[in-house]
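Enquirer: What follows is a structure written as structure tokens; I'll ask about it next.
Every read-out reported here was derived from the displayed coordinates using simple, explicitly stated rules and does not represent laboratory data. Predicted model, so just to flag it, every value in this text is computed and none were measured. In this analysis, Cβ positions are derived from the backbone assuming ideal geometry, glycine residues included, and neighbour counts consider all displayed protein chains.
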């Protein structure tokens, strides 16, 4: 049975931990608002880009000479998985959920006999994936020290993916990230970057019966827009991930703070009972000694 001093030390230690988790919760809450606003502001642009691509792609679908970023290489033998996680932990299941989705994808592709390559964006994803797939990881991109994610951070990732595709090293590129829904809900999401995937919600713009001729033609416009779309979608995923990370950390630290309070209450009750038992024991000893005289 722990002594009163041990119980006092444990209570003091848990109180210190509660101060830290509470501070981290407040910091995450302050960062969440800015990250959420930025992610939500980027969604209309990314969605409009998908709409423009859907409109242009409808005019070249099935035609010879369609851009390779849209039509693909005609094979799906080599897959690149871009797994986006955080560089820091203490954010609940945020990193684990993304990695779990990526692992399911890797296992399925492996069973089908496909060649898989992994590009990790974020240290935590790399640390988890290298335990089983160290030989498949081709690189890691970290943003440690970057205070605010901007388009400049998305461009090198997009450039590396495009360079690998143009060099014939990959046939399909898929991005894994967490879409921010709310503070307690972040949805792990796969997004195919190459060949360009038109989401179910994307639809060509309503021309209201009008007919448009493109100058230059659709193929030349797509040759310019498709690489830019890869960077836009990577940028959007980075912003969604940033908001999801702060939301998950805020929820995790709130839960940790409440749990610390419960532990303190339980230890305090145990301390009071032990102290009362010790006082009672001392009184009995005093009374017994007095009666013996």
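Enquirer: Enter the angle in degrees (range 0 to 90, nearest 10) between the Cα long axis of helix 94-111 and the first principal axis of the Cα atoms of the chain, meaning the one along which they spread out most.
Expert: Between the helix axis and the principal axis of the chain, the angle is about 50 degrees.
Enquirer: Extending each Cα 7 Å along its Cβ direction at residue 155 and residue 30, get the distance between those two points in nm, one decimal.
Expert: About 3.1 nm separates the two model spin labels.
Enquirer: Still on this structure, I have one more. For residue 68, project a label point 7 Å along Cα to C-beta. Then give me every residue of the range 149-173 with its amide nitrogen under 12 Å of that point.
Expert: 162-172
Enquirer: What FRET efficiency comes out for the pair residue 37/residue 255, r = Cβ-Cβ distance, R0 = 25 Å, nearest 0.05? Please list the in-between numbers first.
Expert: Working: r = 25 Å, r/R0 = 0.98.
E between residue 37 and residue 255, to the nearest 0.05, is 0.55.
Enquirer: If you line up the long axis of helix 4-60 against the longest principal axis of the chain, both from Cα atoms, how many degrees apart are they, to the nearest 10?
Expert: Once rounded, the angle reads 10 degrees.
Enquirer: How far, in degrees from 0 to 90, does helix 151-166 lean away from the longest principal axis of the Cα atoms of the chain, to the nearest 10?
Expert: It is inclined by approximately 50 degrees.
Enquirer: Something else about it: For the range 166-192 and the range 245-293, what is the separation of their Cα centres, given in Å?
Expert: So the two Cα centres are separated by 48 Å.
Enquirer: Can you show me the helix-derived [θ] at 222 nm for the chain, built from DSSP H runs with n ≥ 4 at -39,500 (n - 2.57) apiece and divided by the number of residues, rounded to the nearest 500.
Expert: On the way: 6 runs with 181 residues, N = 293.
Dividing the helical sum by the residues of the chain leaves -22500 deg cm²/dmol.
Enquirer: How far, in nm, would the chain grow between residue 77 and residue 228 when pulled straight, counting 0.36 nm per residue and subtracting the alpha carbon separation?
Expert: Full-extension gain reported as 51.9 nm.
Enquirer: Turning to a different aspect of this structure: Based on the Cβ-Cβ distance of residue 266 and residue 138, what FRET efficiency does E = 1/(1 + (r/R0)^6) give at R0 = 35 Å, to the nearest 0.05? All intermediate terms of the calculation are to be shown ahead of the outcome.
Expert: Details: r = 49 Å, r/R0 = 1.40.
So the FRET efficiency works out to roughly 0.10.
Enquirer: How would you classify the range 1-135 from its alpha-carbon gyration tensor, with a ≥ b ≥ c the square roots of the eigenvalues: rounded for a/c under 1.5, else prolate if a/b is greater than b/c, otherwise oblate?
Expert: oblate
Enquirer: What is the spin-label model distance, in nm, from residue 167 to residue 185 if the labels are put 7 Å beyond Cα along the C-beta direction?
Expert: Placing both labels 7 Å beyond Cα along the Cβ direction yields 4.2 nm.
Enquirer: Grab the Cα-Cα distance for residue 4 and residue 286, subtract it from 0.36 nm times how many residues apart they are, and report the gain in nm with one decimal.
Expert: Working it through step by step, the gained length comes to 99.4 nm.
Enquirer: Using a ≥ b ≥ c from the Cα gyration tensor of the chain (square roots of the eigenvalues), is it rounded, prolate or oblate, where a/c under 1.5 gives rounded and otherwise the larger of a/b and b/c decides, a/b for prolate?
Expert: Cα axes put the chain in the prolate bin.
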